[in-house]
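Have a look at the structure that comes next, please.
The values are calculated or read from the model by the stated rules, or taken from the named source; none is laboratory data. Note that the structure is a prediction, hence the values are computed from the model and not measured. Neighbour counts run over all protein chains shown; Cβ positions are idealised from the backbone, glycine included. SASA here: full protein model, heavy atoms, side chains in, ligands and nucleic acids out. Shrake-Rupley method; radii C 1.70, N 1.55, O 1.52, S 1.80 Å.
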Amino acid sequence: MEISRRHLTVVLNALYDSGVTSIPVKHPYEEVGELFRIELGDYQESTVRFTQGAMSYRESRDTVHQQFGEDPYEDLPGHTDYVKAAVAGGLVDPENQTEIDSFLDRHTHPDLTAGHNPVMVAYDTNLFGFRIPEILDIDPVTGSTDGSGRPPANGYALSGGVKEELDWYYNRFSTRSLEDAFGQEFARLKDQPAGANRMGVLGLYEFRDRMANRAVDIVPSETGDADIVDAYERYDKENRKRILLFSNDYGFVDRARSQDIWAHHVAFPVDLPRKATAPWVDIVNTLYVMTVMFGVLVLPKVTLYGVWTGKTGLEWQREQLDIDVRSPVVEPRIKRDVTLVKQFEEL
């Protein structure tokens, strides 16, 4: 059964209704095991406990390297990406959230009727796939408006060089090596992107989503920091628009600032907190990103697949996961609720 990211709350609700309120989220291989635990409570305020922090997860991954070699090790996301996924889901703030907030207070919500220049969001290759505009609440459509109803930004200025850096060919590993290391679930990952490449595909489809569903200007450029920043400088000066540019690379941001571009660094934490409090929607977003990153995650009664043999571009675009419901009690509840939600959305 396939299910989209936005409908994953149905899975949580079915588990909750069946009496499962403490939900361990596990990698199938026991030496990696439980990553975090969801303690379902109020829809707006539940608890997530990180069973493994960045360093303990790194040790688990190193154990896989020692026991099974390069391919299974590389199929697991690195410890820094593990932390980034928690930020991408909304469970954890960027490390420098306070500084970013001050920067956004100065430069967002332009008053076009008063002659302010439109503000266009732009971000570097290293931030695609991590839902940064949503996390920073600056998306032109979903971002919070100010007291006068003005959106935080007016659109996106997307770099042609960034698009080219995202549009690369991905590696595939032998699923036999993954099955031998992690279990039979990984037989279903044949001919799908492996390891860090899955995060790259998320980034590519995030770029395409902005193109399809937002007001976008394409800024032509070559690849590489210098060409991308130079192109943004030309765009900034030649159009009646201002760029709001973000990167995880200090050098990129320094270069942009030296060329009078509004730019800010987005820093990810080096580790995860012991616990976080979040609404169900953030828990669902985290589940989606982590399931794609890890390929397979196991919950009570349900196994989530981020990739599977035959997953198409349309399924990536629609943010689909494949789920194996292992409970005859939970399965009809999920099917029923997904049908109801889809019918409601069509009204």
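Quick test for you: out of GLY90, GLY129, GLY115, pick the one residue that is modelled with pLDDT under 95 and either open to solvent by 10 Å² or more (accessible area, probe 1.4 Å) or among the acidic types (Asp, Glu) (or both).
Result of the check over GLY90, GLY129, GLY115: GLY115.
I've got another one for you. Name the residue that is most open to solvent (accessible area, probe 1.4 Å), counting only residues in the range 167-186 that are at pLDDT 90 or above and on the phi < 0 side of the Ramachandran plot.
Checking each candidate, the answer is GLN184.
Which ranges mark the helices (runs of 4 or more DSSP H) fully within the range 91-178 that have 3 or more residues being of a type outside the set (A, V, I, L, M) and out of contact with any Lys or Arg (no Cβ under 6 Å at 6 or more places or on another chain)?
97-107, 160-166
Do we have THR339 as under 27 Å from ALA212 (Cα atoms), part of a helix (DSSP H, G or I) and in contact (Cβ under 8 Å) with a residue 40 or more places away in the chain here?
No; evaluated as a whole, the condition is false for this residue.
Okay, next question. Under 7 Å by Cβ, and 6 or more places apart or on different chains, what pairs join a residue from the range 24-52 that is touching a residue at least 40 places away in the same chain (Cβ under 8 Å) and of a type in the set (Ser, Thr, Tyr) with one that is in a strand (DSSP E or B) and buried (at least 20 other Cβ atoms within 10 Å of the Cβ)?
Cβ pairs passing all conditions: SER46/ILE38; SER46/ALA278.
Filter the range 187-218 down to residues that are open to solvent by 50 Å² or more (accessible area, probe 1.4 Å) and either charged (D, E, K, R) or at pLDDT below 90 (or both) and give me whichever is farthest from GLY295 (Cα to Cα).
That would be ARG214.
Having 1 or more residues that are open to solvent by less than 50 Å² (accessible area, probe 1.4 Å), within 30 Å of GLY19 (Cβ to Cβ) and without any contact (Cβ under 8 Å) to a residue 40 or more places away in the chain is the bar; report the helices (runs of 4 or more DSSP H) wholly within the range 225-304 that clear it.
Correct list: 280-294.
Restricting to the range 132-149, name every residue that is crowded, with 18+ Cβ neighbours inside 10 Å and farther than 17 Å from PRO110 by Cβ.
Listed by number, the residues that qualify are ILE132, ILE135.
Just need a number here: residues in the range 305-314 that are buried (at least 19 other Cβ atoms within 10 Å of the Cβ) and of a type in the set (Ser, Thr, Tyr).
1
Now for a different question. Please state which one of ARG188, ARG198, ARG210 is of a type in the set (D, E, K, R), under 18 Å from the mean Cα position of the chain (by Cα) and under 20 Å from PRO77 (Cα atoms).
When all the criteria are applied, what remains is ARG198.
Specify which of the listed residues (GLU39, GLU59, GLU30) is closer than 27 Å to THR175 by Cα, outside any loop (DSSP other than H, G, I, E, B), out of contact with any helix residue (DSSP H, G or I) (no Cβ under 8 Å at 6 or more places or on another chain) and of a type in the set (Asp, Glu).
GLU59
Filter the range 180-224 down to the residues that are part of a loop (DSSP other than H, G, I, E, B) and acidic (Asp, Glu), then identify the one that is nearest to GLY69 (Cα to Cα).
The selected residue is ASP191.
For (1) in contact with a helix residue (DSSP H, G or I) (Cβ under 6 Å, 6 or more places away or on another chain); (2) modelled with pLDDT under 95; (3) within 19 Å of VAL121 (Cα to Cα); (4) not small (Gly, Ala, Ser), each residue gets a yes or a no:
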position	(1), (2), (3), (4)
ASP227	yes, no, yes, yes
ASP230	no, no, yes, yes
TRP262	yes, no, yes, yes
THR277	no, no, no, yes
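Let me ask you something else. For the range 43-56, which positions are outside any loop (DSSP other than H, G, I, E, B) and open to solvent by 40 Å² or more (accessible area, probe 1.4 Å)?
GLU45, ARG49, MET55, SER56
Another question, then. Determine, yes or no, whether VAL11 is part of a strand (DSSP E or B) and not aromatic (Phe, Trp, Tyr).
Taking the combined requirement at face value, the residue does not satisfy it.
Filtering the range 315-332 down to residues that are under 24 Å from PRO28 (Cβ atoms) and out of contact with any strand residue (DSSP E or B) (no Cβ under 8 Å at 6 or more places or on another chain), which residue is surrounded by the most Cβ atoms within 10 Å (Cβ to Cβ)?
The qualifying residue surrounded by the most Cβ atoms within 10 Å (Cβ to Cβ) is TRP316.
If you don't mind, there's one more thing I want to ask. Could you count how many residues in the range 97-112 are touching a strand residue (DSSP E or B) at 6+ places or on another chain (Cβ under 7 Å) and either open to solvent by 90 Å² or more (accessible area, probe 1.4 Å) or not hydrophobic (A, V, I, L, M, F, W, C) (or both)?
Residues in the range 97-112 being touching a strand residue (DSSP E or B) at 6+ places or on another chain (Cβ under 7 Å) and either open to solvent by 90 Å² or more (accessible area, probe 1.4 Å) or not hydrophobic (A, V, I, L, M, F, W, C) (or both): 3 in total.
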